[in-house]
Amino acid sequence: MNYRIPFNRPGFLGPETGYIEDAIRRGCISGDGYYSKKCEAMIREAVGSRRVLLTTSCTHALEMSALLLDLKPGDEVVLPSFTFVSTVNAFVLRGARPVFADIRRDTLNIDEERLEPLLTERTKAVAVVHYAGVGCEMDRIMEIAGRRGVAVVEDNAHGLFGKFNGKYLGTFGSMATQSFHETKNFNCGEGGALLLNDQSLAQRAEIIREKGTNRSRFFRGEVDRYTWVDIGSSYCPSDLLAAYLCLQLENREKIQESRRKIWEYYMSSLRDWAAEHSVGLPVVPAHCDQSYHMFYLVMPDLASRQALISSLKEKGILAVFHYLPLHLSEMGAKFGGKQGDCPVTEDVSDRLLRLPFFNSMTEAEMTEVSDSVRAFRF
């Protein structure tokens, strides 16, 4: 079905095609070309990470983080049940056992006050997800992890340029991952990045990303030939994709401003309606600067959520639900997940609905979506 107002339209400013043509003229369209390095430098300088490596996806950046953690069968990684499957797959692929954590009712981020009891002598890492680009309670999480000698990996797919207590998301843990999928604020169709905040990981990360070779050192003239020195895979994106992304990152303030206006329009136009009908709206604590990644409603129950999705669909508007609890999935059950383990996740997952949200959204489209939501009859 073609929707008049889709859930997403991939961000496209126009000059991206000129950058792609320039990449072709430069004669390097494989990985680590001119635009790849330019994107990495922009992100690194903007957020203050020690090292940034573009990857083919956020999924692959997560897989790299699992390799850098040297996970082995029997190791455990604590992560929220309310997240995309890539977050857990990256660690399970290395033989680790996922330990599913519940979320807070306000921000829908991992509940830091329920974190420590989940840590054991086998815990190797905690993976946090900054849901909707609103920061987890990183001060408390880093304190717990530091005291227990556990690494922290930030899945920051939603949160590039968001902040917690004035510090950029993605710069708290030893590593963080970003997404440049077509649904994200900044996109190149498919893409990602690994942010390294622990400098000791940089050289090995470079090797893992280059199929387990020291090829990057060879190109820098540090060795006279390159060879296989570690495990790895091909995680470098084409410079054509980096060229597309580069233009978007250069215009990050313009893009973020457009998304801020959409988010604030939804909030102001739906606040009274939501209060009247006991519908939850996004919560952004005062100490968090969000990334304006999405706008969601938490409906009173599953039936009203599904009915609103259907009502909007009839009007040509696509609204969608989000994550299903990982601990209740077929794979989650194999790791011991069962009903009742994460009650907030189980409850919110049934009731959450995401409204259309994309960079080029017009005021007329925003108005139609919000008017259609307010016209819904419970």
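Could you tell me which residue of segment 107-128 is farthest from Gly162 (Cα to Cα), considering only residues that are over 23 Å from the mean Cα position of the chain (by Cα) and free of Cβ contacts under 8 Å to residues at least 24 places away in the same chain?
Among residues in segment 107-128 that are over 23 Å from the mean Cα position of the chain (by Cα) and free of Cβ contacts under 8 Å to residues at least 24 places away in the same chain, the one farthest from Gly162 (Cα to Cα) is Glu121.
Give me a count of the residues in segment 206-226 that are under 19 Å from Glu154 (Cβ atoms) and out of contact with any helix residue (DSSP H, G or I) (no Cβ under 6 Å at 6 or more places or on another chain).
1
Just to verify a result, which residue in segment 313-341, among those that are outside any helix (DSSP H, G or I) and under 21 Å from the mean Cα position of the chain (by Cα), is nearest to Phe376 (Cα to Cα)?
Ala319
Being crowded, with 16+ Cβ neighbours inside 10 Å, closer than 27 Å to Gly170 by Cβ and either among the aliphatic types (A, V, I, L, M) or modelled with pLDDT under 95 (or both) is the requirement here; does Met267 meet it?
No.
To keep it simple, each residue is scored yes or no on (1) in a strand (DSSP E or B); (2) more than 12 Å from Leu195 (Cα to Cα); (3) among the small types (Gly, Ala, Ser).
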{"position": "Ile24", "(1), (2), (3)": "no, yes, no"}
{"position": "Ile29", "(1), (2), (3)": "no, yes, no"}
{"position": "Tyr35", "(1), (2), (3)": "no, yes, no"}
{"position": "Ile43", "(1), (2), (3)": "no, no, no"}
{"position": "Leu53", "(1), (2), (3)": "yes, no, no"}
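Please give the number of the condition Tyr235 fails out of (1) in contact with a strand residue (DSSP E or B) (Cβ under 6 Å, 6 or more places away or on another chain); (2) within 20 Å of Val129 (Cβ to Cβ).
Single failed check for Tyr235: (2).
Any chance segment 232-254 includes a residue that's farther than 27 Å from Thr17 by Cα and out of contact with any Ser or Thr (no Cβ under 9 Å at 6 or more places or on another chain)?
For segment 232-254, residues farther than 27 Å from Thr17 by Cα and out of contact with any Ser or Thr (no Cβ under 9 Å at 6 or more places or on another chain): present.
Looking only at segment 8-22, which residues are of a type outside the set (Phe, Trp, Tyr), in contact (Cβ under 8 Å) with a residue 60 or more places away in the chain and assigned to a loop (DSSP other than H, G, I, E, B)?
Across segment 8-22, the qualifying residues are Asn8, Arg9, Pro10, Gly11, Leu13, Pro15.
How do the pairs read when you match residues in segment 161-177 that are touching a residue at least 60 places away in the same chain (Cβ under 8 Å) with residues anywhere that are buried (at least 24 other Cβ atoms within 10 Å of the Cβ) and acidic (Asp, Glu), using Cβ under 8 Å and keeping only pairs 6 or more apart or on different chains?
Leu169/Glu154; Gly170/Glu154; Met175/Glu154; Ala176/Glu154; Ala176/Asp155; Thr177/Glu154; Thr177/Asp155
Condition test on Ser233, is it buried (at least 16 other Cβ atoms within 10 Å of the Cβ) and either in contact (Cβ under 8 Å) with a residue 24 or more places away in the chain or assigned by TED's automatic domain parsing to the domain that holds Asp106 (or both)?
no
Sort out which residues of segment 345-364 are in a helix (DSSP H, G or I) and surrounded by fewer than 18 Cβ atoms within 10 Å (Cβ to Cβ), and write them in order of number.
Of everything in segment 345-364, those that are in a helix (DSSP H, G or I) and surrounded by fewer than 18 Cβ atoms within 10 Å (Cβ to Cβ) turn out to be Asp347, Asp350, Glu363, Ala364.
Quick check: is even one residue across segment 172-188 among the charged types (D, E, K, R), more than 20 Å from Cys58 (Cβ to Cβ) and not in a helix (DSSP H, G or I)?
Looking for residues that are among the charged types (D, E, K, R), more than 20 Å from Cys58 (Cβ to Cβ) and not in a helix (DSSP H, G or I), one finds none in segment 172-188, hence no.
Residue pairs, Cβ under 6 Å, 6 or more apart or interchain, first in segment 129-154 and within 22 Å of Trp263 (Cβ to Cβ), second assigned to a helix (DSSP H, G or I). List them.
Hits for this filter: Glu137/Glu112.
Check off (1) surrounded by fewer than 17 Cβ atoms within 10 Å (Cβ to Cβ); (2) part of a helix (DSSP H, G or I) for Val369 and give me the number that stays unchecked.
Among (1) surrounded by fewer than 17 Cβ atoms within 10 Å (Cβ to Cβ); (2) part of a helix (DSSP H, G or I), Val369 violates only (1).
Which of the residues that make up segment 212-226 are at positive phi and surrounded by 14 or more Cβ atoms within 10 Å (Cβ to Cβ)?
Across segment 212-226, the qualifying residue is only Gly212.
Which ranges mark the helices (runs of 4 or more DSSP H) fully within segment 192-291 that have 2 or more residues being farther than 24 Å from Thr177 by Cα?
Ranges flagged: 215-219, 252-276.
Would you confirm, using the coordinates I've provided, whether Glu45 is under 28 Å from Arg122 (Cα atoms), of a type in the set (D, E, K, R) and either surrounded by fewer than 22 Cβ atoms within 10 Å (Cβ to Cβ) or modelled with pLDDT of 95 or more (or both)?
No; evaluated as a whole, the condition is false for this residue.
When you check Glu222 against the structure, is it over 20 Å from the mean Cα position of the chain (by Cα) and at pLDDT below 95, yes or no?
yes
From Arg259, Arg209, Arg204, grab the single residue that is touching a residue at least 60 places away in the same chain (Cβ under 8 Å), within 17 Å of the chain's Cα centre (by Cα) and either outside the structural domain of Cys288 (by TED's automatic domain parsing) or crowded, with 19+ Cβ neighbours inside 10 Å (or both).
Being touching a residue at least 60 places away in the same chain (Cβ under 8 Å), within 17 Å of the chain's Cα centre (by Cα) and either outside the structural domain of Cys288 (by TED's automatic domain parsing) or crowded, with 19+ Cβ neighbours inside 10 Å (or both) holds for just one of Arg259, Arg209, Arg204, which is Arg259.
The values are calculated or read from the model by the stated rules, or taken from the named source; none is laboratory data. In this text, all values refer to a predicted model and were calculated from it rather than measured experimentally. Cβ atoms come from the backbone with ideal geometry, glycine included; neighbour counts cover every protein chain shown.
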